[in-house]
Amino acid sequence: MHPNPVFRTAGRDRNLAFARDRAFGMLAVADDAAPLLSHVPFVLSEAGGHADLHLVRSNPIIRVLARPRPARIAVSGPDSYVSPDWYGAEDQVPTWNYVAVHLTGLLELRPVDELPALLDRQSARFEERLQPKPPWTTAKMTPDALDRMMRVIVPCRLRIEAVDGTWKLNQNKAEAERLRAAEAVAKDGIGHELQALAQLMREA
């Protein structure tokens, strides 16, 4: 998270809403050599107290979960390079605007009999956005194929102890400078989801 408090004013509810909507992030677990990383979809509980996910059984993270381990899911949002020329003011420097939320807590293995419900919750969360197509469910799989899939994945839960967010949107600039930069990001930005980032900068 960026250390400047001006970029960290979003409350827990806004950060959780952002993470819930994205529902995909980088899971990091500490290890002796380097952090173990995995890119995972997840489902947040209604109150935001935990995130459920699954990993393939051969994932190195599974091998260190004999007991719950400290872990973090980093959820990234829109981002872009910002040129100092875009502010229309002197003595500016380049920067990168972005949104990111971190969910931190203890990661634990869950009983394998929780897998069917977890997969149905995950797929339902995304399938509902694909309307009007009929949603996919595990019921569409043959029992043998479903059983084979279940044997190679493992359910996990991150019990969330802290929620932190950085919304770096040029809040430290004068309004006119920020708005000029937002228009330039929308037109010429270098990054991802430029229109969404520009709108957040306008609203900052």
For the range 79-96, does any single residue satisfy the condition of being closer than 28 Å to S123 by Cα and either in a strand (DSSP E or B) or without any contact (Cβ under 8 Å) to a residue 12 or more places away in the chain (or both)?
yes
Please enumerate the residues belonging to the range 44-68 that are surrounded by fewer than 17 Cβ atoms within 10 Å (Cβ to Cβ) and assigned to a strand (DSSP E or B).
V56
Just one of A28, A10 is of a type in the set (G, A, S), part of a loop (DSSP other than H, G, I, E, B) and either in contact with a Pro (Cβ under 9 Å, 6 or more places away or on another chain) or surrounded by fewer than 19 Cβ atoms within 10 Å (Cβ to Cβ) (or both); which is it?
A10
Do we have any residue at all in the range 14-28 that's under 20 Å from A162 (Cβ atoms), among the aromatic types (F, W, Y) and touching a Lys or Arg at 6+ places or on another chain (Cβ under 7 Å)?
no
Please name all residue pairs, on different chains or six or more residues apart, with Cβ atoms under 7 Å, provided the first residue is in the range 42-57 and is touching a residue at least 24 places away in the same chain (Cβ under 8 Å) and the second residue is in a loop (DSSP other than H, G, I, E, B).
F42/A23; V43/A23; A51/F42; D52/F42; L53/F42; V56/V152; R57/V152
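Yes/no per residue for (1) modelled with pLDDT under 95; (2) among the acidic types (D, E):
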{"position": "N97", "(1), (2)": "no, no"}
{"position": "H102", "(1), (2)": "no, no"}
{"position": "G105", "(1), (2)": "no, no"}
{"position": "Q122", "(1), (2)": "yes, no"}
{"position": "P134", "(1), (2)": "yes, no"}
{"position": "M141", "(1), (2)": "yes, no"}
{"position": "D147", "(1), (2)": "yes, yes"}
Reported set for the range 1-53 where residues are basic (K, R) and within 30 Å of P116 (Cβ to Cβ) is R20, R22
What is the number of the single condition among (1) surrounded by 19 or more Cβ atoms within 10 Å (Cβ to Cβ); (2) at positive phi that A23 does not meet?
(1)
Quick one: V82 ticks every box in (1) modelled with pLDDT of 95 or more; (2) over 20 Å from the mean Cα position of the chain (by Cα); (3) surrounded by 15 or more Cβ atoms within 10 Å (Cβ to Cβ); (4) farther than 26 Å from R14 by Cβ except a single one, so which number is it?
(4)
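The values are calculated or read from the model by the stated rules, or taken from the named source; none is laboratory data. Predicted model only: the values in this text are computed from it and were never measured. A quick note on method: Cβ atoms are made from the backbone with ideal geometry, for glycine too, and the neighbour counts reach across all protein chains shown.
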